[in-house]
Structure formats: structure tokens, C-alpha cells
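K.L.:
Can you read through this structure? Questions will come right after.
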Amino acid sequence: MTPSDATPRGVLTAGIWTGLIGYGTVIGFFVVVSVFTGSSVFYIPALFGATVFFGLEDPAALVILPGPVFTYNMVHLLVFLVLGMFASWLVAGAERLPVLRYAVAVALIFVAAHTYAALMLFARPLLGGGAWWQIGVAGLLAAVTMGWYLLAAHPVLRQQLRSIPMGDEP
């Protein structure tokens, strides 16, 4: 078996797609939540952006403005692109060095937890009132979809995982 496209270009391309998929998953989840709660689809990114970047302390005082929405989305997109490229690099390496599979698992767990942890550090007021479960579910869904894409993009790794799950000796 030969590794999947582990060239720098292949890793970069897969990383961009991985990041976009994770970002899109989070955005899609929050759009669905907004629709079901009767809020504007811009409410959640405006709330997160205003709290994290513009110092909003009382979510009841939120005014939906383009600045917080764009700021939050651009930073969130960049974070997901970096995470996607890092995960892609790890997965490409895991085809050659099975021990890196543990690092891939840790990276996907980090994806699942990064949003919640960032809000704990920068925007604690958002975690009251039930927002914590939305953040947790969004991060978990992003990690699952990113992992699914990486497995789909790396058939060699899928085959290796069937025969030697986490790099143990056969």
C-alpha cells in the first residue's frame, strides 16, 4: 500500500477542505438552532463576536451589527483552517507512522473542545442560560465531520485502521 496524497499540496488541499467542513458544520448547526429558537441567523455569531471581541458583558444588550458577525466568522474560519491543515498533516503522517493516530484522536478532541474552552477564557457570560450545550454539540459535530472527511480522503488509512486499529503490532 502506498500512502494517500501526502505531498505538501495534497496535505494543504485536504486541510483546507477539512477546515471548511468543520467551519460549515458549526455554522450550519447554529443556523438550525437559530431557526428553531426563532432568532436571527446572525444572532449567535453577533453574540459571540460582540462578547469575545467587543467586550459585551450582558447578552440581553446585544445589537446585531455586521462588525461582530464578520469578526467572529473570520477568526472562526481561520481557526478551523489551521485546525484542518494540522489534522490533515497528522493524518498523512499517520499512514506512515501509525503512532500518530493517537495525535489525530487528540487533535479531533481538541476541535470538539476548542470553542467551549475559548469561550471559557474570553466570554464567560455566554456559558450561562444553556449556551454551553450548543457550543459543545457544535464542536462535537465539527470534529465528527472533519474526521469523517479525513477518513474518506485517506482510503489507505481506513484500510490500515481495519487491520491495525491504533498502530499496535500485528
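K.L.:
Which value, in Å² rounded to 10, gives the accessible area of Thr7 with a 1.4 Å probe and all protein chains present?
P.N.:
Approximately 70 Å² for this residue.
K.L.:
Right, next: Sketch the reach of a paramagnetic label on Val137 as a point 7 Å from Cα along Cα-to-Cβ, and name the residues of region 39-80 whose backbone nitrogen lies under 15 Å away.
P.N.:
Counting only backbone N, you get 39, 44.
K.L.:
Another one. How much accessible surface area, in Å² rounded to 10, belongs to the heavy atoms of Val79 with a 1.4 Å probe?
P.N.:
Ignoring ligands and nucleic acids, Val79 comes out at about 50 Å².
K.L.:
Hey, could you get me the Stokes-Einstein D for region 1-87, Kirkwood radius over alpha-carbon pairs, 10 °C and 1.306 mPa s, rounded to whole µm² s⁻¹? Intermediate results must be reported in sequence, preceding the final value.
P.N.:
Details: Rh = 14.4 Å.
In µm²/s, the coefficient is 110.
K.L.:
Ignoring ligands, DNA and RNA, what percent of the 1.4 Å accessible area of region 1-88 is carbon and sulfur?
P.N.:
Ligands and nucleic acids excluded, carbon and sulfur give 75 percent.
The values are calculated or read from the model by the stated rules, or taken from the named source; none is laboratory data. Given the structure is predicted, the values throughout are model-derived calculations rather than measurements. Glycine gets a Cβ as well: all are built from the backbone with ideal geometry, and neighbour counts include every protein chain shown. These area figures cover heavy atoms from the full protein model, side chains too; ligands, DNA and RNA do not enter into them. Shrake-Rupley method; radii C 1.70, N 1.55, O 1.52, S 1.80 Å.
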